[in-house]
Structure formats: structure tokens, C-alpha cells
1. Counting only Cα atoms, I'd like the Rg/Rh figure for the chain, Kirkwood definition for Rh.
2. Whole-Hz Karplus ³J(HN,Hα) for the range 25-32, in order, using 6.51 cos²θ - 1.76 cosθ + 1.60 and θ = phi - 60°, x for Gly and Pro?
3. Fewest Cβ neighbours within 10 Å first, please rank Leu68, Leu18 accordingly.
4. Take each of the peptides 27-35, 54-62, 88-96, average the number of other beta-carbon atoms within 10 Å over its residues, and list them starting from the highest.
5. Order these by the 10 Å Cβ neighbour count, fewest first: Val97, Val52, Val8.
6. Taking θ as phi - 60°, what are the ³J(HN,Hα) couplings along the range 49-61 by the Karplus curve (6.51, -1.76, 1.60), each to the nearest whole Hz, with x for Gly and Pro?
7. What is the total of Lys pairs in the chain with C-alpha atoms under 26 Å apart, excluding same-chain pairs fewer than 8 positions apart?
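Any read-out appearing in this document is the output of simple, stated calculations on the displayed coordinates, not a laboratory observation. Computed from a predicted structure; not experimentally measured. Backbone-built Cβ (ideal geometry, glycine too); neighbour counts: all protein chains shown.
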Amino acid sequence: MKSFDEVVEFHGHACPGLALGYRASRAAIKRMGEKASDEEIVAIVENNSCAVDAVQVMTGCTFGKGNLIYRDYGKQVYTFFKRSSGYGTRISVIWKVPKETRSEQKT
């Protein structure tokens, strides 16, 4: 499995979106048991954020191979499935403002 440093090298810098994509991809690979060596795994991403670069590096899914699909829904949602079995996983991230930030905003 690729390291976060390898993902940062590909993307150019570390940022929260990249970390999110790294964690989502890592969770999907653990559930499915492998990274795509060719086109076995398909990733459907519902945003065009930095996270998608992490998905490419971690899963081996790319637009060129036709196994990275972009749907412009503006959501932090990532679906991964195996073509051979149809088995997959969908990861949805709900952003919440930390409590300490909320109280700081009131002042």
C-alpha cells in the first residue's frame, strides 16, 4: 500500500483534502483486499478536490484506464467496486465544524 508521503509527492503538497482521499482509499483497499493492477477496481468520485489525486495513487484508478469516474455532485463521496464481483464500498464524509471553532465564531 502506498504511503501518504508518496501521495503528497504526486499531488505536490499535503492538505486536508489529500488526507481525506488517502484515508478513504486506504479504507476501501482494506475492505476489497487489493489495489488495481490494471482495471479490476473502479472508483467513482463525486467531487474534483485534492482527494481525487489520492484516490488515483492509492487505488491505481485513472481516467485513462476508464476506471476512475467523475460525477460532479460536489459531495465528499467515494464509491469503489470490483468489476469481477460487483462487490464494493461507498464512503461518505460529512464535514462538521469542531465545537471549539463554533464557540470562537460566536464572539
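1. On the way: Rg = 14.9 Å, Rh = 14.3 Å.
Across the chain, the Cα-based Rg/Rh ratio is 1.04.
2. So the Karplus estimates, Gly and Pro as x, are 5, 4, 4, 5, 4, 4, 6, 8 Hz.
3. Details: Leu68 20, Leu18 23.
With the fewest neighbours first, Leu68, Leu18 line up as Leu68, Leu18.
4. On the way: 27-35: 15.3, 54-62: 23.7, 88-96: 12.0.
Final packing ranking: 54-62, 27-35, 88-96.
5. Numbers: Val97 9, Val52 23, Val8 18.
Ranking Val97, Val52, Val8 by Cβ neighbours within 10 Å, fewest first, gives Val97, Val8, Val52.
6. 8, 4, 4, 5, 4, 5, 4, 4, 5, 6, 9, x, 7
7. Close lysine pairs found across the chain: 17.
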